[in-house]
Structures are given as C-alpha cells and as structure tokens.
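I have placed the structure first, in the form of structure tokens, so that the comments after it can refer back to it.
The values are calculated or read from the model by the stated rules, or taken from the named source; none is laboratory data. Predicted model only: the values in this text are computed from it and were never measured. Here the Cβ is made from the backbone with ideal geometry for all residues, glycine too, and neighbour counts use every protein chain on show. All accessible areas refer to the heavy atoms of the entire protein, side chains included, with ligands and DNA or RNA removed. Shrake-Rupley method; radii C 1.70, N 1.55, O 1.52, S 1.80 Å.
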Amino acid sequence: QYILGSEKGTSPAETFTFSGLPCESVENAGLDNAGNPETPESAPVPRIEGGASFEKGAAGTNQEETITIDLPDNYEAVGVYTYTFNEVDNNTAGVTYRTNPITLVVYVIQGDGKLIRYPVLHTENSGGQKSDSFDNTYSAGSLAVEKVVTGNMGDQKKEFDGTVTFMAPTGDTVKSDITYMDGEEPKTISAGDGWTEKAETISLHHGETIIFENIPYGVGYTVEERVYDDYEVTYDGKTGTIGDETPDAT
C-alpha cells in the first residue's frame, strides 16, 4: 500500500520494484536428480515480474497493489529453501522505501509421488511480527514566505522581488508538482521528468504571503531577496529543510 505520511500532499506516480531473489540457504536438503544434496548455489531461483505501480495522487487512497513472484517448477529435491530480496530505492524525494530485506521461504515436500511447493512470504516489521505485506510512504510539507516592510519611509505598496530555490536531498530527485498561489493565480513548479534543483522568482508587497505546497520531506530551500536602494534586506539566503512543521521565511 502507498500511504500518505503527512497531513496533506499529492504523491508522484511511482512503481515500486524489487531486486532478484538469490537463495540464501537450503535446510533439510534432499538429493537432486543427479544424486547430490541441493545447495543454495544449485537451487532454482524464483522471479519477480514487474512491480507495484501507483498513479499520481494515489498515496492515501487505500489503493493496494500486489507483486507477483513466480516460483520455479523445476525443484528436484525436498527441503526448506530461503530466499531474500529487497525493494529498489528509486530515489524519489519524499518517498520512504523499505530498507529491511524481505524473506521468501519455500517448503518443498514429497506428496503423491511428486514434489509440492508451499511458499511463505515474511516482511517482518520493527517489532518482529511476520506479515505478507508492507507500506510505502509519501510525505510532503509547505513553506510560507511573507514580506514585511517597516520604517516610516517604507513603501508598503511596493512590490519586492525574491527567489526561492528548492534542492533535492543528495542522490534524490523531486518528482512532485509544487504549487502555490500568486495572488489569485495558481502556479505550479512542475516536476517534469524530475529535477534536483529549481529556482522560482516571486514578488511580494507588505503583508503578503506565498505558501508553497506539496514540497517533499527532505527538500532543502533557500530564500533570497533582491537588494533595493534605501531598503535593508529582510531575508538573504535563509535556508532550511522541509519536514513535519511548516517553516516561515518572513
């Protein structure tokens, strides 16, 4: 399941994929067709077909997807075959991937003159409880940028330009559309094919606030104001990282 780990946010489309399934061990191994004990090196290897795909905005909708593991049909010996595999980190900013390995145990037993396979999938959580499912999480926050003009000669009707630069966490890519209201006009910093850094020019007068929404957790930001004669810059290079709380750049 793809869940929303923050109060609100629109998750990017994501396909969760998985690594191969090498055999880690064979217990109670019988003899293969050549009369040799089955070993991890000689054991058949299951395959994972495709992945779990979610469309944009799917996190938090209770949508569940299933991954399919194709078991080999060429087991030659009884035994308990243990395989491990991992979820692939797609390096999408704001998305939490499973870091613990997943275990597949295949019990191969003799029955009615043929070998019968019984697979059991274990995705133990931090409490050690066994399950055959797990969640991925998308989390996003906001950034509020406000302009305040002070002083007896301060022109509170004047528009002041600034730049807000967003930076993806190292190794990650932003694949989420960041949105904000410019007055009554909705604007979007498009995810496009994904980016690692993006700068947006804004203009504010006294008492006006722009709130950027759907910024993935972990994304850094820098707010810089253009320098104007006779005015002292309120914020110049203010930086931070998006997390649980909505930061303010005033």
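Which pairs, out of Lys8/Lys175; Lys8/Lys187; Lys8/Lys158, put more than 26 Å between their alpha-carbon atoms? Check vs 26 Å cut-off fails for Lys8/Lys158. Based on Cα atoms of the stretch 115-219, Rg over Rh with Rh as the Kirkwood radius reads 1.27. Using the alpha-carbon centroid of each, what span in Å lies between the stretch 174-205 and the stretch 107-123? Here the answer is 54 Å between Cα centres.
With a simple spin-label model that places each label point 7 Å from the Cα along the Cα-to-Cβ direction, the separation between Arg47 and Tyr228 comes to 6.5 nm. Rolling a 1.4 Å probe across the protein heavy atoms gives the chain an accessible surface of 55 Å² per residue.
For the stretch 1-80, carbon and sulfur atoms together expose 43% of the accessible surface, with a 1.4 angstrom probe and every protein chain in place. Computed over the Cα atoms of the stretch 30-163, the ratio of the radius of gyration to the Kirkwood radius (Rg/Rh) comes to 1.33. Seen from Ile3, the other residues with C-beta closer than 14 Å to its C-beta sum to a net charge of -3, counting Lys and Arg as +1 and Asp and Glu as -1. Taking all protein chains together, Thr170, Thr239 sort by accessible area into Thr170, Thr239, largest first [probe 1.4 Å].
Answer rounded, prolate or oblate for the stretch 20-80, using the Cα gyration tensor with square roots of eigenvalues a ≥ b ≥ c: rounded when a/c is under 1.5, else prolate when a/b is larger than b/c, else oblate. It comes out prolate by the Cα gyration axes. Specify whether the C-alpha gyration tensor of the stretch 53-98 places it in the rounded, prolate or oblate class, a ≥ b ≥ c being the square roots of the eigenvalues: rounded for a/c under 1.5, otherwise prolate if a/b is larger than b/c and oblate if not. Prolate. Using the Kirkwood radius built from alpha carbon pairs, what does the Stokes-Einstein equation give as D for the chain at 25 °C and 0.890 mPa s, in µm² per second? Answer from the Stokes-Einstein relation: 113 µm²/s.
Largest accessible area first, the listed residues Glu185, Glu146, Glu87 line up as Glu185, Glu146, Glu87 when surface is computed with a 1.4 Å probe on the assembled protein chains. Sequence-ordered 3J(HN,Hα) estimates for the stretch 28-40 from the Karplus curve with 6.51, -1.76 and 1.60 and θ = phi - 60° stand at 6, 5, x, 8, 7, 5, 8, x, 9, x, 5, 10, x Hz, glycine and proline given as x. With a 1.4 Å probe rolled over the protein heavy atoms of all chains, the accessible area of Phe85, Phe134 falls in the order Phe134, Phe85, largest first.
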